Each structure stands twice: as structure tokens, then as C-alpha cells.
Amino acid sequence: MKTCTPPGPPEVCAAAPVASLEPWRGWAPLAVLPAAVLLLTPPDWPRWLLMWMLAFAVYAGCKWLTWRRTPVAGVPWRRHAGYLLAWPGMAAGAFLRSAPRVEPPAARQWASAAAELLAGFALFWGAAWIVPEGQEIVLGWLGMVGIVLILHFGLFELLSCAWRSAGVAARPLMHRPLAAVRLSDFWGRRWNSAFRDLPHRFLFRPLTERLGPRWGVVAGFVVSGLVHELIISVPARGGYGGPTLYFGIQAAALVGERSRFGQSLGLGHGWRGWLATMLALALPVWALFHPPFVLTVVVPFMRALGAA
């Protein structure tokens, strides 16, 4: 079998081996927690609260799954607690096992993360000052960008710096995503590696073994779309099918990018690859974060925090 050291695209990492464990081990919370949220949340609670509860339930279930299915010996309990409670990444093996040498973060990485955090706060709470009244779609989109800056580029990056300063292999979750010249590079290495590591291990790898590399990647993206339906469309009570459509488009574009025709067009490298990647990501994004979600979840959340 081939092996890979993340980061790497799905088709490269799909064949990496895993330890032989009971197939049921670790999956229960991922099924039980979201179901409990859906069944027990009162219908009159804010939709944004349901969204965050579902997101946390899925995250907690995924976190537990990666931890339970990564047996390690001789690791102090503090490292286990740090992985489960103080690090959003999903690469349990790298975090828990002692690396030969972890490169400490440079001062500019600390400064960049702090700047992104402050920019996110400014955008989230300042959007209402720059968006004309009645343009709630625009307001909600600026709010979402602010949240991503606060969490993924700010807080999570600072956590990565802190852990790497302590000698723990906690690589940043974001790696210059706007520099991607291939969709496989964007989704496989640059964007939110927390939810790249887990699909590679539990979706792309087993699906590729059964369906082959191409259809394994397609099926993995479709499953990702269904998970986003749960977190985005279900709380919004509308826009169903949009997230699945978005990730289906990503799968089709990725397959086309690697085809002979895509290669003949210059996709996958240079400015053509970058432009095609950005267009494939941006043009259908309305289907992922559809108007029902923006208007009934994001904007009310901003109002609840005094940002709108």
C-alpha cells in the first residue's frame, strides 16, 4: 500500500494504511450526538443556536472518532486532554505522538494570526456600519467572512502557534488557500485541514478501495455535502440540496481538472489553474450558503450578538 504524510490530495492519501481496529470503535457519538440535538432541541429555540449545536455535535463526534481509532501508548493524559479539548485539528496521530522535531512558529505567524483575529472582529461587528439598510444578504455574508477570520485564520492559528511552541505537531488548519492553483490542492492541503484529515481517513480511503480513485473522491464529496445539509439547511429549514449540489460541483470540477481535456486547457498550474480554481469555488457558493441560511441563521445570530 502507498503511504502519505499529510498534507496531500485525496487521491494521493486515499491508499494510506490504518491500524486494524474493530470497525465499530468510536462511531457511536458521531451518530448519537447530532440525533440527540435534533430530537431534544425545542422547536422555538433560535435557528442559529440549533446550527451551532449541530456543528458542535458533529465536531465532537468526529473528534472522538479520530481519538478512539488512533491507539497510542505512553502518552500523558494532558496530551490527550489537549487534543480533545484544546485543539480543533483531526490529525490525532501527529498530535499525540512525539515528533522528532517540531518547527516553532515564527514571530510573523503570531502577528498574522492576531491581525486576522482583529480583522474578523472588526468585520463581524462593523459590517452593519458599512452595509446599507435592507441589504441583509450582504450583511450576512460579511458576517460569515468575519466568523471565518475570527475562528479559522485567527483563533485556530494562534492555538497552532501555541502548541507548536510547546513542541506539539499541530500544523495550521489553513495554508494560504487563495494561492491554490488546483482544486485538489485547495481541498487536499490548503483549506481547513481539520475536516480534510478526517474525510481522507474515513471516507476517501475506504471509498477509493471499493470504487476506485475517481468515484471514491466523488462519493466522498457527496457525503461532505450531506453533512453540510445537516448543519446549514436543516437549521435554516430551507435551501435543501444546495450544499450537496455545491460539493457535487467541486467533485465534477476536480475530475475535469485532472482529465486530459482539463490538462490541455492548462488547468492545475499557472494563472489558468488559479483562475479556474477560484471560479469553481466561488461561482456556486450561493448553493452552499444559500439565502435561507444567511437570512434565518446568520443575520439573527449577528443581531443576537449586537452586530446588526
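The values are calculated or read from the model by the stated rules, or taken from the named source; none is laboratory data. Predicted model, so just to flag it, every value in this text is computed and none were measured. Note: ideal-geometry Cβ built from the backbone for every residue, glycine included; neighbour counts use all protein chains shown. What goes into the accessible areas is simple: the full protein's heavy atoms, side chains included, and nothing from ligands, DNA or RNA. Shrake-Rupley method; radii C 1.70, N 1.55, O 1.52, S 1.80 Å.
Cβ separations smaller than 7 Å between residues 6+ apart or across chains give no pair from the range 282-308 residues that are under 16 Å from L50 (Cβ atoms) and modelled with pLDDT of 95 or more to residues that are in a loop (DSSP other than H, G, I, E, B) and among the hydroxyl-bearing types (S, T, Y). Of all the criteria given as (1) basic (K, R); (2) open to solvent by 60 Å² or more (accessible area, probe 1.4 Å); (3) more than 30 Å from R25 (Cβ to Cβ), the one not satisfied by R190 is (2).
Checked against (1) out of contact with any Gly (no Cβ under 7 Å at 6 or more places or on another chain); (2) closer than 15 Å to L159 by Cβ; (3) open to solvent by 40 Å² or more (accessible area, probe 1.4 Å), P105 passes all but condition (3). Given the conditions (1) without any contact (Cβ under 8 Å) to a residue 40 or more places away in the chain; (2) in contact with a Gly (Cβ under 7 Å, 6 or more places away or on another chain); (3) basic (K, R), which single one is not true for R78? Exception for R78: condition (2).
Against the condition of a type in the set (F, W, Y), out of contact with any Pro (no Cβ under 9 Å at 6 or more places or on another chain) and within 26 Å of A280 (Cβ to Cβ), how does W215 come out, does it pass? In short, yes. Taking the range 127-161 as the range and being within 21 Å of A115 (Cα to Cα) and of a type in the set (D, E, K, R) as the test, only E157 passes.
Yes/no per residue for (1) in contact with a Pro (Cβ under 8 Å, 6 or more places away or on another chain); (2) surrounded by fewer than 20 Cβ atoms within 10 Å (Cβ to Cβ):
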site: G239; (1), (2): yes, no
site: G242; (1), (2): no, no
site: I249; (1), (2): yes, yes
site: W274; (1), (2): no, yes
site: T277; (1), (2): no, no
site: A282; (1), (2): no, yes
site: F289; (1), (2): no, no
site: F293; (1), (2): yes, no
site: L305; (1), (2): no, yes
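Within the set S264, S224, S193, the sole residue that is touching a Lys or Arg at 6+ places or on another chain (Cβ under 9 Å) and among the polar types (S, T, N, Q) turns out to be S193.
Give the range 186-199 a look and list any residue that's part of a helix (DSSP H, G or I) and either modelled with pLDDT of 80 or more or over 13 Å from R69 (Cβ atoms) (or both), or say none. Correct list: F186, W187, G188, R189, R190, A194, F195, R196, P199. Within the set A162, A170, the sole residue that is of a type outside the set (K, R), over 30 Å from A308 (Cβ atoms) and either open to solvent by 50 Å² or more (accessible area, probe 1.4 Å) or outside any helix (DSSP H, G or I) (or both) turns out to be A170. In this structure, is A119 of a type in the set (G, A, S), at pLDDT 95 or above, open to solvent by 40 Å² or more (accessible area, probe 1.4 Å) and in contact with a helix residue (DSSP H, G or I) (Cβ under 6 Å, 6 or more places away or on another chain)? Yes, satisfied. Within the range 32-51, the set of residues being in contact (Cβ under 8 Å) with a residue 60 or more places away in the chain and closer than 27 Å to G89 by Cβ comprises P34, L38, W48, L50, M51. Assess whether E229 counts as being of a type in the set (D, E), open to solvent by less than 30 Å² (accessible area, probe 1.4 Å) and at pLDDT 95 or above. Taking the combined requirement at face value, the residue satisfies it. Could you tell me whether W141 is touching a helix residue (DSSP H, G or I) at 6+ places or on another chain (Cβ under 8 Å), open to solvent by less than 70 Å² (accessible area, probe 1.4 Å) and in a helix (DSSP H, G or I)? It is false that W141 is touching a helix residue (DSSP H, G or I) at 6+ places or on another chain (Cβ under 8 Å), open to solvent by less than 70 Å² (accessible area, probe 1.4 Å) and in a helix (DSSP H, G or I).
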